[in-house]
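The values are calculated or read from the model by the stated rules, or taken from the named source; none is laboratory data. Just so it is clear, the structure is predicted and the values come from calculations on it, not from any experiment. Counting neighbours? That spans all protein chains shown, and the Cβs are built from the backbone with ideal geometry, glycine included.
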Ligand SMILES: Cc1cc2nc3c(=O)[nH]c(=O)nc-3n(C[C@H](O)[C@H](O)[C@H](O)COP(=O)(O)OP(=O)(O)OC[C@H]3O[C@@H](n4cnc5c(N)ncnc54)[C@H](O)[C@@H]3O)c2cc1C
């Protein structure tokens with residue numbers, strides 16, 4: 001195990017820092033268990049981190065910080081069960097690459113693949129899907145080190161009450177050491193990206209959702225313009241975006257030029273609405289066909305802070321229209337598009353889609369721009385629609401709110417009381433969202 005004394009830990013967005021007493025990088029499950037036991041003996045709290053892509057203080061600790069870097073790799077690919085078992089610290093991009101080499105794929109994923117498998121699933125990271133749900137919903141087995149340093153395995157058959165909660169465990173139940181995911185033979189997706197008017201997307205939302213396996217759209221604040229993306233399985237052949245056009249859309253438009261536009265908007269906010277009108281009109285339609293992770297994910301180099309709420313799917317259009325009215329009547333200047341995605345109901349206790357068909361509304365602010373006024377006003381709209389915030393993205397909700405928002409909240413906290421009565425895995429974030 002490599003161990004290091006304290007340095008300042010910082011998340012991707014730079015809005016959270018922490019000073020752990022010590023950092024450890026266990027290279028095996030035995031070393032991980034040992035690190036947990038030693039922390040308990042020393043009276044220190046324990047927190048495993050992934051790649052710090054959460055915008056909340058979920059991963060922050062002043063105790064022992066467990067880094068994922070040496071607990072990575074593929075343990076087993078089972079072609080009969082069609083599963084893959086990976087070490088908890090494995091980055092999603094490595095998992096995707098290995099699966100592609102083996103002619104396999106996850107069913108659905110989020111917008112990026114930098115995160116670790118344990119970090120991504122612990123906060124309920126999701127993409128968009130009519131029938132397929134979050135990454136955590138694709139877990140078929142999970143292994144964690146609990147507060148007494150012992151290894152606990154769970155699945156639908158083994159310790160099912162742990163499995164029901166631990167797939168989205170917020171780091172509160174133990175340190176995940178390995179995860180097993182369902183996989184399927186690699187398939188192709190045809191992506192259709194198409195600009196569309198706000199009024200049309202919102203009035204046709206139900207049909208767009210029902211007719212596509214993966215539908216999402218971005219609305220550009222200060223405009224009536226959206227960009228839609230429809231991904232559907234295809235018989236092929238593969239037709240990836242051309243090198244130049246792919247580069248222009250993904251690197252130049254979405255990252256390079258966008259960075260310049262955001263910096264200008266931060267320096268001179270009054271320019272934002274005019275720039276938004278021009279840049280949202282510059283988008284053009286494109287269609288391409290590729291393997292899943294290349295269609296679902298893309299690099300995000302422009303840093304931002306984000307809040308995302310899950311609302312009942314039938315409420316999403318009303319909620320989004322309220323967000324638009326808010327931006328229009330306020331002095332807010334927002335350079336980042338608002339992203340709308342969906343997920344079917346799932347059976348995980350603290351999943352934002354637990355027990356209800358869901359749609360997500362995500363708002364972003366360029367790094368370094370004050371975001372509180374915008375996020376507070378949007379949060380008010382979302383909570384009025386029984387919204388549930390993403391566990392890894394900025395929000396101000398607490399345990400009292402979640403006890404109402406999640407019918408199975410008590411099931412989760414009871415399991416936490418059983419597995420971690422002394423709150424070895426506690427931190428300020430968990431105190432706020434789960435209670436003492
Ligand atoms: C650019 C960007 C794009 C994003 N895109 C999406 C998206 O498309 N969809 C979406 O839903 N979210 C998205 N997110 C949010 C992100 O996926 C989540 O915040 C995710 O939890 C980050 O994973 P991580 O590996 O960085 O974990 P961290 O942020 O480091 O940790 C997250 C939580 O997991 C816990 N944890 C980590 N490892 C373990 C372990 N081994 N055992 C127990 N607990 C553990 C931590 O303690 C913490 O509570 C995005 C974030 C960014 C910055």
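In summary, strands (runs of 3 or more DSSP E) completely within the stretch 264-369 and bearing 2 or more residues that are without any contact (Cβ under 8 Å) to a residue 60 or more places away in the chain occur at 358-366. When 128, 123 are checked against the criterion of being touching a strand residue (DSSP E or B) at 6+ places or on another chain (Cβ under 6 Å) and closer than 21 Å to residue 347 by Cα, a single residue qualifies: 128. Checked across the stretch 415-436, the condition of being in contact (Cβ under 8 Å) with a residue 60 or more places away in the chain, surrounded by fewer than 21 Cβ atoms within 10 Å (Cβ to Cβ) and touching a strand residue (DSSP E or B) at 6+ places or on another chain (Cβ under 7 Å) holds for no residue. Just one residue in the set 118, 100 is over 20 Å from residue 191 (Cα atoms) and outside any loop (DSSP other than H, G, I, E, B); that residue is 118. Go through 194, 204 for me and flag whichever is more than 16 Å from the ligand (Cβ to nearest atom) and over 25 Å from residue 312 (Cβ atoms). Checking each option against the conditions leaves just 194.
Yes/no matrix, rows are residues, columns are (1) assigned to a helix (DSSP H, G or I); (2) surrounded by 15 or more Cβ atoms within 10 Å (Cβ to Cβ):
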position	(1), (2)
149	no, yes
153	no, yes
161	yes, no
164	yes, yes
169	no, yes
173	no, yes
176	no, yes
191	no, yes
200	yes, no
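The residue that is surrounded by the most Cβ atoms within 10 Å (Cβ to Cβ), among those in the stretch 204-222 that are farther than 14 Å from residue 339 by Cα and in contact (Cβ under 8 Å) with a residue 40 or more places away in the chain, is 209. The residue that is farthest from the ligand (Cβ to nearest atom), counting only those in the stretch 395-436 that are farther than 15 Å from residue 45 by Cα and not in a helix (DSSP H, G or I), is 407. Taking the condition of being under 14 Å from residue 181 (Cβ atoms), part of a loop (DSSP other than H, G, I, E, B) and more than 9 Å from the ligand (Cβ to nearest atom), how many residues in the stretch 103-115 meet it? Going through the stretch 103-115 one residue at a time, the tally reaches 4. In the stretch 158-191, which residues are closer than 30 Å to residue 27 by Cβ and more than 16 Å from the ligand (Cβ to nearest atom)? Hits for the stretch 158-191 are 158, 159, 182, 183.
Against the test of being within 23 Å of residue 358 (Cβ to Cβ) and either more than 10 Å from the ligand (Cβ to nearest atom) or modelled with pLDDT of 95 or more (or both), the options 90, 121, 72 yield a single qualifying residue, 121.
When the stretch 370-394 is limited to residues that are more than 13 Å from the ligand (Cβ to nearest atom) and part of a loop (DSSP other than H, G, I, E, B), the one that is nearest to residue 169 (Cα to Cα) turns out to be 387.
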